[in-house]
Amino acid sequence: MLLEDLINGLLFGATYSLVAIGFTLIFGVIHRLNIAHGATIMVSAYAGAAVSILLGGKSYGALLAAFVASVTTGATLGILIERVAFRPLKDAGYLAPFATTAGITIILEELFLKLSRVVPIFHPEYTPFPSPLEDLSFHAGPIYLRGVYVVIFIVAIALMAALGFWVDRTRSGRAMRTVEQNPLVARLMGIDVGRVELTAFAVASGLAGAAGCLIGVSVGTVGPFMGTNLLMISFVVIVLGGLGSIRGAMVGGLVVGVVESMTVSLLSARYKQAVLFGLLFLVLVIRPEGLLARRAVVRD
Amino acid sequence: MGYATTILSLAGLNVLFALSVYITFAIGQFSLAQVGFWALGAYGTAMLTTLWGWPLWPALLASGGVCALLGIALGYPCLRLRGFYLALATLGFSETVRVLFQNLEYQIPLKGVPSGPSGVLGFRNVAVTTGIWDIFGFMLVLVILLVWLNHSRIGLAVAATREDDVVAPFMGINIVFAKVAAFMLAAMAAGIGGGLYAGFTSYISPDDFGFHMTLLGILFVAIGGTRTFYGPMLAAAILTVLPEFFRFLAEYRLIFYGALVVVLMTLRPRGLIDERVDAAVRRWFARKPREA
């Protein structure tokens, strides 16, 4: 029973990894928090749900189409957010983009609150995300696993592997790491820093879109305020993994997934967030560079 | 209570919240703990006045005092953290407080009706004790305190710590004391403000004190500018009163609100009251040179 919760938490935690990787990728490149990251997830999840509902929702083809729709929506929205909320405020300090992305969050959440009442295929409060994975389940000996968790875990790991390949092996991935290290030197080496930033936003938000689709499928519903909660969870993940570290975010997401499901099974679902944030606070005060960070970095 | 009085009171409460957020920013600390203290003050005051019949101000001072002590307790461990790490740790504090009140069930019968905090359902029928003069009276006290601090050695110490907390100690400034004191003052202001809010609305719920309120506090400071204390006050007043003129937008009002935030921020990236406006205001108040 406990082992079952542990494994399910680990599987679902992979989606938290995806969310947090996107967040940390953007932070690594421009050193600003993208508060609209949560809203990006929400909008992409709605896009996926809409496609899935329109296509009947019970075939794997429909699911694939929904996934593509979510990723595309996420990436597009990410580019828009970079253009509107970050590009004009490049020299304005860290507070200004915090405020503009918060403004965009308010706009998108209210818009989808409104849309979910007006658009006929949506429902007020929670819109269902139909998928053929709903009834799938696996039995590994005495352990029961939700099929959808296994699928989202595999997809999430595949996406992370692709991301790892991009960051480590490709030209544009290397350009991004150079900008992370030192934007000025990157510019002197002929790297188009503006384009790297835009790429980072597109990739990070595309991952957020993928996470939105996966979470929507596994929960079964999407709602206008689902992003805020995920944003909070990704804060915990990046603190565990170290702000700006992609590998830290991967592991941190799995840890948070396990901690969450353990809290629910041992304590109560009501204390889920208190435990997570208590953990965040303790980690920050005792080991500010993150649990998983290998070396101390100057945090400023 | 009339419509104008209600709007003015709401604006006043938001201004108090903006001031408490500003106080930590003034010393260069990106703290998101204010919502937590606001919630503690609201619940504390509501319980003291409603359940045990305390008058408003003793209840406010008691909750404010508790928040001040907690502010010290939170301020010390947070000294190790900087920038976004401090923001995330203090956000953790605010969220933990919210979850605490989501799980707090304490009710005693009052006139046959069980009253008190009841978890996620919140605290209904809080005694309405706050008048508009309580709000603006406390605001005046805070403003006088801030003006006095700005013109004292403490204000200079705070500014020096904000600009460079590595150099400040070499000038004989005790930055540990300065930072913890700012944390404490901000916590106390938020605690009393939250108490006034509880006595004003008569209904408080843990979900009022979530991440959205945290964002609101940052909006006040970002749009007003962190340079002066009256910048965030101005931003809080504008962001409370201006949407009232757009009542015809009805359900789209919050969308407009978000757009207003984006536009204001893009037009004034360093806040409404930035260095240049601040300098102009200072010149205005400075003693005019005598004509020779």
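Tabulated values for the structure
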item: C-alpha center-to-center spacing [the stretch A:157-205, the stretch B:210-237] in angstrom; result: 34
item: Spin-label model distance (nm) - B:V166 vs B:R124, 7 Å beyond Cα toward Cβ; result: 5.8
item: Positive-pole candidate from A:V118, B:F200, B:A182, dipole of the protein assembly as shown, charges at beta carbon; result: B:A182
item: Positive-end residue, chain B charge dipole about Cα centroid, Cβ charges, pick of B:V21, B:F211, B:F229; result: B:F229
item: Distance in nm between pseudo-label sites at B:R80 and B:A259 (7 Å out along the Cβ direction from Cα); result: 4.7
item: Principal-axis tilt of helix B:34-46 within chain B, Cα atoms, nearest 10 degrees; result: 40
item: Residues whose placed amide H lies under 5 Å from that of B:S115, excluding near-sequence neighbours; result: B:I108, B:L110
item: Cleavage-rule hits, chymotrypsin sites (Phe, Trp or Tyr not before Pro), the stretch A:109-196, DSSP coil, Cβ neighbours within 10 Å at most 13; result: none
item: Test item: Cα-centred dipole of the stretch A:132-256, Lys/Arg +1 and Asp/Glu -1 on Cβ, debye; result: 400
item: Computed [θ] at 222 nm, deg cm²/dmol, chain A (DSSP H ≥ 4; -39,500 (n - 2.57); rounded to nearest 500); result: -24000 deg cm²/dmol
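Each value in this text was obtained by applying a stated rule to the coordinates, not by laboratory testing. Everything quoted here is computed from the prediction, not taken from an experiment. Here Cβ is always computed from backbone atoms with ideal geometry, including for glycine, and neighbour counts include all displayed protein chains.
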